[in-house]
Structure formats: structure tokens, C-alpha cells
Amino acid sequence: MDSRQEPPPRLEVRWFEGLQDYSQTHQQMQQFNADRAVDAADELWLLQHHPVFTQGVNGQAEHLLDAGNIPVVQSDRGGQITYHGPGQLICYLLLDIRRRGIGVKGLVYTIEQALIDCLGHYGVAAERRCGAPGIYVADAKIAALGLRVRRGCSYHGLSLNVDMDLSPFNRINPCGYAGLAVTQLADQIEDAAPSLDQVGGLLIEALDQQLAS
């Protein structure tokens, strides 16, 4: 019997420079998923978006309180409404989860643990909340999750508030929760906020470790 184990699927990382249009990136993810070959490498996309509210497939109109001049875009990810903008780290996970042998719940757990480990590097005690996907510091949400799985492959992913203008969150019920407090890494540490490149590098390491375990 050959006891050798197959190496884990390849994981490639793409960094997008500048602010990205949400709708265009959404289409790119859908196309990537539709075109990917059976042996294609999995990819992580790290980027920032122009200011935008995105409404998930389960989104309810009453959770949008006042969009103002910020566009609202319908998305095919799970979940309710959230905000993306400059200073927030986005990581999209384009993974063949069937090949990796993990289900959606396992992927959510993996992402949450990677975020907890990443924030722990800065001395921030982050945690899960039962029944409310995402990562919290005390009673405030610092990271949101939203996924879509088609043909056994995932896209969309996570957003981590690093150093941004949080006021647009006051125009919505974040993730469908009225009055939910939102925080960011810059407000949880005494030192100057780290760059998104630094946080992204740590997040990639944490995700790679979790996906390989």
C-alpha cells in the first residue's frame, strides 16, 4: 500500500492595487469560478473596494437605513447588508472545497479561526459569536463573512476593518442586526494602525495554515 499523502492543493495569492469596483470584481469571481479547470490552483484575492453597500441573497430592504451617496449593489453571497470601503481589507477565497474535503461550515470555521489568529498577533482578543458568522471584539463586529459555493467551489469571503471611516455602518443594520456596534483594528491597539499589506500578509499565513491542517 502506498502510504504517501498527496500534497495540498496549490494556493496562489493575488494582490490588487488601488481601490476596486465591487461589481467588476464580483463578475471576475463568477467568471473565475465558471471557467476553472479541475486541476486549477485555488486563489486568494486581497484588495480594497470603493465605498459600496452590498446586499446578500437573504438581504431585506429594511436593513438599509440611508444609503446617501453610497451605491447599493446586489450580491450573490450569503448574508444581509454590509459596507465595504477604503481601509478595509477584503480577502476573497476562490477554493475548490470539494477537492479540499471541507464543507461550508468547515470553511466558515477556518476563516474565523484565521481571523482570530491574525488579530491575536496584535494582542486583540477576538472571538466568534454563536449564530452570527463573523468575528467580534467584545460586543463589536470587526470582521464579516459572506460566501457562495457553486460546483463545489467557493467565492466571496471576508472583510476585516483595519483603519477606515466606520460612519457608513450607521446607515445600515450591519449584517441585519439593528444597533450592532462595529469596530476596527486601529481602535483596538495603542500603536499606529498597521498597513493593509502587513495585515494581509499575516492573514494569508493564518489562512494557509488553517487550510493545510
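Considered as a group, the residues in region 173-211 that are among the β-branched types (Val, Ile, Thr) and out of contact with any helix residue (DSSP H, G or I) (no Cβ under 6 Å at 6 or more places or on another chain) include one that is farthest from residue 79 (Cα to Cα), and that residue is 189. When residue 47 is tested against (1) over 22 Å from residue 211 (Cβ atoms); (2) among the hydrophobic types (A, V, I, L, M, F, W, C); (3) touching a Phe, Trp or Tyr at 6+ places or on another chain (Cβ under 7 Å); (4) in contact (Cβ under 8 Å) with a residue 40 or more places away in the chain, only condition (1) is not met. Scanning region 10-32 for residues that are surrounded by 11 or more Cβ atoms within 10 Å (Cβ to Cβ) and at pLDDT below 95 yields one hit, 11.
Is it the case, given these coordinates, that residue 165 is surrounded by fewer than 21 Cβ atoms within 10 Å (Cβ to Cβ), farther than 27 Å from residue 30 by Cα, without any contact (Cβ under 8 Å) to a residue 24 or more places away in the chain and not hydroxyl-bearing (Ser, Thr, Tyr)? When the stated conditions are applied, residue 165 does not pass them.
When 148, 129, 100 are checked against the criterion of being among the charged types (D, E, K, R) and within 14 Å of residue 207 (Cβ to Cβ), 100 stands alone in meeting it.
When residues in region 182-209 are screened for being modelled with pLDDT of 95 or more and either small (Gly, Ala, Ser) or touching a Ser or Thr at 6+ places or on another chain (Cβ under 7 Å) (or both), 5 of them pass. Criterion applied to 52, 38 was being at pLDDT 95 or above and either farther than 13 Å from residue 156 by Cβ or crowded, with 20+ Cβ neighbours inside 10 Å (or both), and the one residue passing it is 52.
The values are calculated or read from the model by the stated rules, or taken from the named source; none is laboratory data. If you're wondering where the values come from, they're calculated on a predicted model, not measured in any experiment. Note that we place each Cβ from the backbone using ideal geometry, even for glycine, and neighbour counts take in every protein chain shown.
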